[in-house]
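Here the structure comes first, spelled out in structure tokens, and everything after it is commentary.
Derivation of every value follows stated rules applied to the coordinates shown; laboratory data play no part. Note that the structure is predicted; figures quoted are calculated from it, not measured. Positions of Cβ are backbone-derived with ideal geometry, glycine not excepted, and every protein chain shown enters the neighbour counts.
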Amino acid sequence: MANFAKSIKKIEVEDLKVGLICADRDGNRIRVDRVFRDDQGIGSLSYHFLNDELRVQEGVQERTVEQFLSEGWVMAAAGSAL
């Protein structure tokens, strides 16, 4: 279990980049398609859910960065896979 903890980390604001693939605790994976801020500095992002072959599964989802981070998404550490 200790090795698992080293290979997975919770997403933070600085991790949010276009193309990032991350997962929730149920193993649902997404790909971040867009990260942007409006004139007031409020950040939001859009993403697609992916199937097991990492192909787009559903339409675009949009969330504020705050909402997204509160959902507990995780990413693989460098050299690891989800």
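Within the option set ASP39, ASP52, ASP33, being charged (D, E, K, R) and surrounded by 15 or more Cβ atoms within 10 Å (Cβ to Cβ) holds for one residue only, ASP33.
A quick yes/no check of all residues on (1) at positive phi; (2) under 10 Å from the mean Cα position of the chain (by Cα):
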site	(1), (2)
VAL32	no, yes
ASP38	no, no
HIS48	no, yes
ASP52	no, no
GLN57	no, no
PHE68	no, yes
GLY72	yes, yes
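Residues that are closer than 18 Å to ALA77 by Cα and either among the small types (Gly, Ala, Ser) or touching a Lys or Arg at 6+ places or on another chain (Cβ under 9 Å) (or both) within the stretch 20-48 comprise LEU20, ILE21, CYS22, ALA23, GLY27, VAL32, listed in sequence order.
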